[in-house]
């Protein structure tokens, strides 16, 4: 039987299909890639109650219009965006049933960050090196275009599932990023490092899946490159200084090898915060020891299990019920907030 | 072997939560490159439990592990012992198994930084071209972007730093240089390296059976081509852009 489809009626640039990417083939020059905010995909997994992480539409900043040809459930995670099903507003950080013919509209609330739309019927696109993730800098996959039509697999959860997940608000505000020292940290002098830790950085508009540029006031963060250091390995989370001493935090779609020195590597749990930091928000860096970092490291499995326990049934907010007057409410007066 | 940086001393650093990097030297050299290739082969033949990836760079080697299967500490001790067992000063580059010959154009728009590089080295652009055409080159590592080769080593006087300002974009197929190496860009890309030429070679082609054509260790020579040759090769369906590969 033919599965349901999703038609793309409108789309802004920067929407791609993402999953957890392609680990362990750096030797071919392919960086890990996948969702800029992996935690948002774990949240979708918990909301949908499915056994594996499903591919999602990653909306960088803006969004689009998705039309469904069959019933399914969609999870909305990551940076909060405006979501409407037809004329009805949908709560973000939740999953909602959709029916045949429904149209979902996703629009931005702010500049920066990544929102995720994950259907419970898995998006079917070709597997390349065992992943569906678009890696545009590598020439793998495409941006989602108007007129695209995605085939879907069968639904992996109950069609009526309507759940929510309270997310710590500091996941989307920038803030403190902990980082590990790496092979090149010692190229930076103690004074430069101290100044780096005491500087407030501002998230620039120059941000994409490759990295986030950080603006700051003051002298560039220079280091000793007198010998012309050999190009060396790069991983997502690396804090790279260009030759001009300008910092970038590198994200999922970074290069695999590069010559600009790296101060260190932001730990995975804080990297999602960096990817999701809105334009203009403030970031500070704090070194963390390997021992402390190991203590806070959680496997994918443990993170998803923890999120599953936090998922609760959705209680409809009366403000969002468009046909409220047609409901049989209790007689007498109610303020509407005592439900 | 000419080499101004013969000292190879392996040092092991953590990189992020799940990788260790064995750095043989800070700077590129024939000796460091030989050490990387030797250690890559050693680890490929003798994988410790929990290692999930081994990748060579120019003067370093990445070992990624699954923290659920082996601890960083255990792996670090094992690698330290392996490194201590070798005399790193006595290595030569292993013999190459294949040689590639790749057409490249050094004219006009294909070589926007040729004059500047000639100026930095202090010779005529024609001598720069002659040195690239006659150099004995190897693919030292694949990286930055999929399939993209780092090629070396050019003579010592090519040891120029990257530009401090990034060029917004060089085209796919661009041949660029910095620190005694050449890189052949797989995709349009920003770079701090200087562009000396343009090829029609596609280092990464998803329609091919093996999308990544080159491997670390391959030998490479360049042959001069005209702008019209390269245009015609770029328009053709052949991902190798007129390149040939001899297996030894």
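No value in this document is a laboratory result; all are computed from the given coordinates. What you see is a predicted model, and the numbers here were worked out from it, not measured in a lab. In this analysis, Cβ positions are derived from the backbone assuming ideal geometry, glycine residues included, and neighbour counts consider all displayed protein chains.
Work out how much length residue A:124 to residue A:215 would gain on full extension: take 0.36 nm times their residue separation and subtract the Cα-Cα distance, in nm to one decimal.
28.8 nm
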If each part is reduced to its alpha-carbon centroid, the range B:146-199 and the range A:262-295 end up apart, in Å, by 30 Å
In degrees, nearest 10, the alpha-carbon axis of helix B:30-45 is tilted away from the dominant principal axis of the alpha carbons of chain B by 50 degrees
Full extension between residue B:119 and residue B:156 adds, at 0.36 nm per residue less the Cα distance, a length in nm of 11.8 nm
Relative contact order in percent for the range B:1-123 (Cα pairs under 8 Å, 6+ apart) equals 23 percent
With label points set 7 Å from each Cα along the Cα-to-Cβ direction at residue A:291 and residue A:109, the distance between them in nm comes to 4.1 nm
Most exposed first, judged by fewest Cβ atoms within 10 angstrom, B:247, A:296, A:311 run B:247, A:296, A:311
Given a Förster distance of 60 Å, the FRET efficiency implied by the Cβ-Cβ spacing of residue A:315 and residue B:126, rounded to the nearest 0.05, works out to 0.20
One finds, for residue A:168 and residue A:100 with R0 = 35 angstrom and r their Cβ-Cβ distance, a FRET efficiency to the nearest 0.05 of 0.45
Rounded to a whole number, the mean other protein chain Cβ count within 10 angstrom for residues of A:233-245 is 4
Most exposed first, judged by fewest Cβ atoms within 10 angstrom, B:48, B:248, A:96, B:157 run B:248, B:157, B:48, A:96
Per the helix-only model, chain B has a calculated mean residue ellipticity at 222 nm (DSSP H runs of ≥4, -39500 (n - 2.57) each, divided over all residues, rounded to the nearest 500) of -7000 deg cm²/dmol
Contact order relative to length for the range A:126-252, counting C-alpha pairs under 8 Å separated by 6 or more residues, stands in percent at 16 percent
Taking Cα pairs closer than 8 Å and at least 6 residues apart, the relative contact order of the range A:224-311 in percent is 23 percent
Checking B:110, B:174, B:225 against a Gaussian network model of chain B (alpha-carbon springs below 10 Å), the top fluctuating residue turns out to be B:225
Mean-square fluctuation maximum in Gaussian network of chain B, Cα pairs under 10 Å, restricted to B:160, B:17, B:39, hits B:17
Simple SL model, points at 7 angstrom along Cα→Cβ for residue B:109 and residue B:244; separation in nm is 3.0 nm
Classified through the alpha carbon gyration tensor (a ≥ b ≥ c as square roots of its eigenvalues; rounded if a/c is under 1.5, else prolate when a/b is larger than b/c, else oblate), chain A comes out prolate
Check: C-alpha center the range B:15-90 vs C-alpha center the range A:184-201, spacing in Å is 28 Å
Rounded to the nearest 10, the angle in degrees between the Cα long axis of helix A:38-48 and the longest principal axis of the Cα atoms of chain A comes to 20 degrees
Ordered by fewest other Cβ atoms within 10 Å, a rough proxy for footprinting exposure, B:86, A:135 read B:86, A:135
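Starting from the Cα gyration tensor of the range A:171-296, take the square roots of the eigenvalues, sort them a ≥ b ≥ c, and report rounded, prolate or oblate (rounded when a/c is under 1.5, otherwise prolate if a/b is larger than b/c, else oblate).
Working: a/c = 1.32, a/b = 1.22, b/c = 1.07.
Because its axes are fairly even, with a/c under 1.5, the range A:171-296 counts as rounded.
How would you classify the range B:98-247 from its alpha-carbon gyration tensor, with a ≥ b ≥ c the square roots of the eigenvalues: rounded for a/c under 1.5, else prolate if a/b is greater than b/c, otherwise oblate? Let's see the in-between values first.
On the way: a/c = 1.43, a/b = 1.38, b/c = 1.03.
Cα axes put the range B:98-247 in the rounded bin.
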If one builds a Gaussian network model of chain A from Cα atoms under 10 Å apart, the most fluctuating residue listed among A:264, A:115, A:228 is A:228
Measuring from the longest principal axis of the C-alpha atoms of chain B, the long axis of helix B:125-134 (C-alpha) lies at a number of degrees, nearest 10, equal to 50 degrees
